[in-house]
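Take a look at the structure below.
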Amino acid sequence: DDVSQWVFVLARLDSPTVWKDRVERGDLAINYGAYVVRRSQSLDIRNIDLGTNNPEMNLVTRNASAWIPDVYFRLGYHKLRFEAEALVISGSIGDLNDLSPGITDVSILQIGGVGRLNYLLADDDLDVGLEIGTASGDQWDMNPQGLTNIRDGLRLNQDPARDSTISSFNFDSDYLVDLILFRELLGAVTNATYVKPSFSYQLTRNIKFTAAGIVSFANVPVSTPGNGSLWGVELDGDLSYNNAKDGFYAGIAYGIFLPGDAMDHPDGLGYDPTELGDADTAQTLQTRFAVKF
């Protein structure tokens, strides 16, 4: 279970206070960074119950290695804000036979990125934004087929002749894009390209309303439950109350997700007859209260 890693970092990142001061003065503020990782692992432990087995008797030769370059850029000028990050995971795994029989000499090529543009209007009370993100996907289904959440299944190749590259990239689950699709149904941004226009308006000093629409497409349709290209369309709204002085925060959020053909269970893909059909609309209503002391 030992993993060796070398990390190279080159960055210029202003503190939040310095950044805010530079932008408010009207200066062109630019930050950037590169975070490059070289990672390798020789041995691994099989997926076993450590309470009943001796780990040293269940070592496997993994022979895995990868290069992971990650680049970041941020620009601020007057009312304009722009941020972008992109990364690639490129490498290989010598043996996955213990997880998927017959799978050896697997290559890795995963790509992810996101860009966000914001512009302030109406004395800075109105924030209009556009975000576009993408995460690569694999050529095979979740195991068992029909599952979508990355926490519930294992996406490994079951057919070495079809594809020997692991391409599915997952955003960090804490990077929140919406209320339903990526947060609940998929568990993270993965095998998707999404476009998210949004706006927020500061109604009063403490009350803000935010709304967003998210259109999400599957980068690799064959690995979706319905072999479709559209994950769906989601509309989210949020009304929040923030009183930092007294340490009290509250809010209510509502989201509705209109699924596309990627979420369906059509005939001819091996589903149980009782599971066939088109995906239904999903909705969520959430409230929150917090007191800081």
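Reported to the nearest whole Å, the Cα centre-to-centre distance from region 213-233 to region 252-293 is 13.
Sorted largest first by accessible area at a 1.4 angstrom probe radius, with every protein chain in place, the residues K196, K245 fall in the order K245, K196. Volume per residue for region 66-116 equals 62 cubic angstrom (convex hull of Cα atoms). A Förster radius of 45 Å, combined with the Cβ-Cβ distance separating D172 from D267, puts the computed FRET efficiency at roughly 0.80.
Centre-to-centre, using Cα atoms only, region 63-102 and region 1-32 are separated by 18 Å.
Three principal axis extents of region 94-142 based on alpha-carbon atoms, in descending order, are 62, 19, 15 Å.
The modelled label-to-label distance for the pair A86/D14, using points 7 Å beyond Cα in the direction of Cβ, is 2.5 nm.
Just the Kirkwood number for region 224-293, please: inverse of mean 1/r across all distinct Cα pairs, in Å, one decimal.
Working: mean 1/r = 0.0676 Å⁻¹.
Over region 224-293, the inverse of the mean reciprocal pair distance is 14.8 Å.
Over the Cα atoms of region 1-105, the radius of gyration divided by the Kirkwood radius equals 1.25; this is the Rg/Rh ratio.
Taking a straight line from the alpha carbon of K245, these lysines sit under 28 Å away, with near neighbours fewer than eight places off in the same chain left out: K20, K79, K208, K292. Distance between the pseudo-spin-label points of F209 and S164 (7 Å out from Cα toward the beta carbon): 5.8 nm. When T287, T104 are compared by accessible area of protein heavy atoms, the largest-first order is T287, T104, using a 1.4 Å probe. The mean of 1/r over all pairs of different alpha-carbon atoms in region 184-275, once inverted, gives a Kirkwood hydrodynamic radius of 15.5 Å.
Of the accessible area of region 1-115, with the probe set at 1.4 angstrom, what percent is carbon plus sulfur?
Numbers: 4060 of 7260 Å².
In region 1-115, the share of accessible area belonging to carbon and sulfur is 56 percent.
Just the number: Rg to Rh for the chain, Cα atoms, Kirkwood Rh, two decimals.
On the way: Rg = 22.4 Å, Rh = 22.0 Å.
Ratio value, two decimals: 1.02.
The values are calculated or read from the model by the stated rules, or taken from the named source; none is laboratory data. Computed from a predicted structure; not experimentally measured. Virtual Cβ from ideal backbone geometry, glycine too; neighbours counted across all protein chains shown. What goes into the accessible areas is simple: the full protein's heavy atoms, side chains included, and nothing from ligands, DNA or RNA. Shrake-Rupley method; radii C 1.70, N 1.55, O 1.52, S 1.80 Å.
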